[in-house]
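Values quoted throughout were computed directly from the atomic coordinates according to the rules given, and no laboratory measurement underlies them. Here the structure is a predicted model, which means the values were calculated and not measured. As a convention, Cβ positions derive from the backbone with ideal geometry for all residues, glycine included, and neighbour counts pool all protein chains shown.
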Amino acid sequence: MLDGVVRKGEYEWEIPVGFIKGMHVPGRFFLSDVLTHSLEEGAVQQLANVATMPGIIQYSLAMPDIHWGYGFPIGGVAAFDYATGVISPGGVGFDINCGVRLLSTPLRPKDLEKKKEILDKLYDAVPVGVGARSPFRLSDRQLDEMMIKGAAFAVAEGYGVEEDLLHCEEQGRMKEADPTQVSKKARSRGLPQSGTLGAGNHFLEIQVVHEIYDEQAARIFGIEKGQVCLMVHCGSRGLGHQVCTDHLQVLEHAVSKYHIELPDKQLACAPLTSPEGKAYFGGMAAAANYAWANRQIITHQIRSVLSTMCGIAYDETRLVYDVAHNVAKMEEHMIEGTKKKVCVHRKGATRAFGPKCPDVPGDYTHIGQPVIIPGSMGSSSYLLKGTQVAMNRTFGSTCHGAGRVLSRSQAKKKIKGKDVRDTLGKEGIMIKAPHDGAIAEEAPDAYKPSSEVVSVVHNLGLSLLVARLEPLGVIKG
Amino acid sequence: MSFEEREHTADILMHIRAPDIPSLFRDAGNALMKTMYRGTARPKEETSIMITGSSLEQLLHGFLSEILFESEVQNLVICEFEIQIDEGTLIAKLRGEPFNPSVHGGGTEVKGISWHGLSIRQEENEYTCDVLFDV
């Protein structure tokens, strides 16, 4: 472990105040011994940097998928006091409301005799990769509605069923959305991209439930062993990316206006109560809503393909849940015995609200919020449930994925896309991607083992295992 | 062209070196395009941009963000940059050709230009900078 970092428990490590100048609170991160080998100094530095931001409460936190990003580390979580704290695009990222949704079906693997054709149809129905354009044409008015209503806009347009909305974090809509804080540039990027997957680590995967760890929770989430599911990972596309870019410019000036000292320009921020802070939050929420609508439109496309190819009814493909893992939210948390309004930033971290918490859907309220942790391409994904431990210790947060260990260039040097395709093909996992380079970049060996990351949050009780899903077919963005 | 990719676990970190500032900006633009697209493009179409900023870093960040925007919205693979910088204002002509998946496909989507570690340094006879692309 790096000099100055102190072990606090089997899976807990602390960066003490004083590790760098100006820290208001300690840093705290969660790693098993195995995962400490891939911890980067840059990620620890970034976690310490976050601890210098005004109004941060208790800890600058990072989940076991921590890695070096920009601004916050990926896997970073921080809560800021509403009255004295700040909001920062560096704690959200360019891909606002990048997130994951899990769909269940009544299908079994034996029903997927035409798996290749199904993947081909899904690939045609959901545009992927750089330069992909949507078949849907939005008017300016529709784009406004999409940013205000989120997933509900898509459902009202016929792309889903009402029940879907109950199974989305925030019911697929942040009410604070303010489309007037979304620039013309951002709108022009968002207009042609609704219902597109994007590129990089975004994916659409056909999976099978391989193992159930918690029968009661699985039953309530509508999951059973041997069931075919689909997982979608994508975000707010160019619209969200541009909202981040635009507001970073404004917030850079706000840093000097409000006399905030920061160790990294990417942490540019403004007080939550300032006009600049409110403007970013409104724009960010609008982009978050765009992302929920985007995943809802993709869901519609999946349902349509499965209805045609597998003969199941449209609403037999059911939304288990949809989580955001790049977002800032106004939430109430108990801080030293007092309920406080705070702004929780989760950058590469998933909300993991426990049983009976607000915003957990009524049918899941006794179990806790479903937490969806995608694995790297070709590896296991997990369904977990939120806990009171997470509410007490991490502002209701847990990990979001496997976390990279190899850079994209290292991955491409060491791994050939064709070899990954062949290896996974032998295991019965088909891949469709715009090119083999994308496969190499996202190969399983470029990531930490998702099982190890998930076992840390499970052992700490930050979220608890419900089911493991294995891939059958992957569409890579 | 004088840019090379440096190791960064999550994103793409480019190290750029050039004998003068306009060349540094041009090579940063080329680094961005080579990240996003494969193959070569010809200067068939032209668009122009103007950026203002109080520092060279602000100009570079604005320039790259604007190229990213123009490329995505106009579906343009940019191969030539004609850059003029004068007292906090950058004017550039961008030339390229429309994105064709069979020719230019296979690159990486860049979500944004990070401010993380962005500084322009003068070292003897050249200028250098590191730019992180969020992918």
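Here is how the numbers come out for the structure above:
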| item | result |
| --- | --- |
| Spin-label proximity, residue B:84 to the range B:22-49 - amide N less than 13 Å from point 7 Å beyond Cα toward beta carbon | B:49 |
| Local electrostatic count, residue A:181, Cβ distance below 9 Å [Lys/Arg +1, Asp/Glu -1] | -1 |
| Sum of -39500 (n - 2.57) over DSSP H runs of 4+, divided by residues of chain B (222 nm, nearest 500) | -9000 deg cm²/dmol |
| Modelled FRET efficiency - R0 25 Å, residue A:133 with residue A:180, Cβ distances, 0.05 increments | 0.45 |
| Cα centroid of the range A:143-215 to Cα centroid of the range A:296-315, whole Å | 16 |
| 0 to 90° range, to nearest 10: angle between helix A:450-460 axis and chain A longest Cα axis | 50 |
| Debye log10 I(q)/I(0) at q = 0.22 Å⁻¹ for the range B:3-134, Cα point scatterers | -1.42 |
| For the range A:223-268 versus the range B:1-58, the gap between their alpha-carbon centres in whole angstrom | 22 |
| With at most 16 other Cβ atoms within 10 Å, longest stretch of chain A clear of loop chymotrypsin sites (Phe, Trp or Tyr not before Pro) (DSSP) | A:259-477 |
| Value of D in µm² per second that Stokes-Einstein yields for chain A, Kirkwood Rh from Cα pairs, at 10 °C (1.306 mPa s) | 72 |
| Angle in degrees between helix A:275-310 and the longest Cα principal axis of chain A, rounded to the nearest 10 | 20 |
| Cα gyration tensor of the range A:323-477 - equivalent ellipsoid semi-axes, whole Å, descending | 34, 16, 12 |
| Cβ-based exposure ranking for A:77, A:323, in which fewest neighbours within 10 Å come first | A:323, A:77 |
| Percent RCO, i.e. relative contact order, over the range B:3-134, from Cα pairs under 8 Å lying at least 6 residues apart | 33 |
| Among the listed pairs A:265/A:412; A:21/A:341; A:416/A:448; A:21/A:278; A:116/B:111, those beyond 20 Å (Cα-Cα) | A:265/A:412; A:21/A:341; A:21/A:278; A:116/B:111 |
| Residue exposure sequence - A:121, A:257, A:476, A:265 - by fewest surrounding Cβ within 10 Å | A:257, A:121, A:265, A:476 |
| Unsatisfied cross-links (Cα-Cα over 30 Å) in the set A:413/B:93; A:385/A:414; A:115/A:418; A:347/A:476 | A:413/B:93; A:385/A:414 |
| Pairwise label distance in nanometres, residue B:48 with residue B:20, each label 7 Å out on the Cα-Cβ vector | 2.0 |
| Chain A - percent relative contact order, Cα under 8 Å, separation 6 or more | 21 |
| 222 nm mean residue ellipticity, helices alone, for chain A (DSSP H n ≥ 4; -39,500 (n - 2.57); rounded to 500) | -10000 deg cm²/dmol |
| Local electrostatic count, residue A:318, Cβ distance below 10 Å [Lys/Arg +1, Asp/Glu -1] | -3 |
| Principal-axis tilt of helix A:417-426 within chain A, Cα atoms, nearest 10 degrees | 60 |
